[in-house]
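> The structure under discussion is supplied below as C-alpha cells; questions concerning it will follow.
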Amino acid sequence: MEKQMLRSYCFECDKDVEYVVTKISGTFRVKDKNIKATIYEAHCATCGARMIVDEVERKNGHILFEAYKKENGLMTAEQIKALREKYRLSAVAFAKILGLGAKNVTRYENGAIQSDSIDRYLKMAENEEAFWACYKEHRKELTSTERAKSDKAYDEYEQAAT
Ligand SMILES: [Zn+2]
C-alpha cells in the first residue's frame, strides 16, 4: 500500500509542507472541567513548527468531548450510536421517537455534548421495554421507510420476550 503523504500549510515555511502527527497525553480544559486525554499534534516535517491542521483538530475535538462525556457520566457518541442502531432507527427517526428535535441525535453522535436532561432521555431509551412503549406511541410521526425497519426490530423484540 502506498504511504499517504500528509500535507498542509506551515506558517513558518510559508508553503504547503509534509507534516507528521504525534500523540501527546495531558490534561486539557473542556468546558468547566480538566480532562485527561491523549490527543494529536501535527508538526512540520521540514522545520518542526506546530501546525494547526483542520482534520487533526477535528479529531482532537472529538476525543476531548468523548472524554468529557465519560468523565461526567454522560453517554458517549459511540454509545448513543450503538443504542440507536440496536433499534434500527436513523438518527432523525430516533430523535423523533424521543422527541429530541430532528437534528440533535446526529449532533450528539458527531460529538456535541448533550445536556443532563437530554442525557436522561437517552439513558431511558436503554431500557428496551420503555423505548418500545415510546416507539409505539410515536411511530406515526415517522415516514413509512423509517417505520418499516424498526417495526421489524420491534417484532423480533416481542417474539423474544414471549
Ligand atoms: Zn515548516
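> Specify the residue that is nearest to the ligand (Cβ to nearest atom); the eligible residues are those in the range 40-63 that are among the aliphatic types (A, V, I, L, M) and within 21 Å of the chain's Cα centre (by Cα).
Ranking the candidates gives V53 first.
> Scanning the range 109-162 for residues that are of a type in the set (V, I, T) and assigned to a helix (DSSP H, G or I), which turns out farthest from the chain's Cα centre (by Cα)?
So, considering only residues that are of a type in the set (V, I, T) and assigned to a helix (DSSP H, G or I), the one farthest from the chain's Cα centre (by Cα) is T145.
> Find the residue count for the range 87-108, including only residues that are part of a helix (DSSP H, G or I) and touching a residue at least 40 places away in the same chain (Cβ under 8 Å).
Residues meeting the conditions: 4.
> Considering (1) assigned by TED's automatic domain parsing to the domain that holds E156; (2) without any contact (Cβ under 8 Å) to a residue 60 or more places away in the chain, say which one D16 fails and leave the rest.
Of (1) assigned by TED's automatic domain parsing to the domain that holds E156; (2) without any contact (Cβ under 8 Å) to a residue 60 or more places away in the chain, only one is false for D16: (1).
> With the structure loaded, tell me whether K31 is more than 28 Å from E146 (Cβ to Cβ), away from the ligand (no atom under 16 Å from the Cβ) and in contact (Cβ under 8 Å) with a residue 40 or more places away in the chain or whether it fails that test.
Yes: the conditions hold for K31.
> Report, by residue number, each residue of the range 7-21 that is under 30 Å from R107 (Cβ atoms) and either surrounded by fewer than 13 Cβ atoms within 10 Å (Cβ to Cβ) or more than 13 Å from the ligand (Cβ to nearest atom) (or both).
V21
> Checking K31 against (1) on the phi > 0 side of the Ramachandran plot; (2) at pLDDT 95 or above, which single condition isn't satisfied?
(2)
The values are calculated or read from the model by the stated rules, or taken from the named source; none is laboratory data. In this text, all values refer to a predicted model and were calculated from it rather than measured experimentally. Note: ideal-geometry Cβ built from the backbone for every residue, glycine included; neighbour counts use all protein chains shown.
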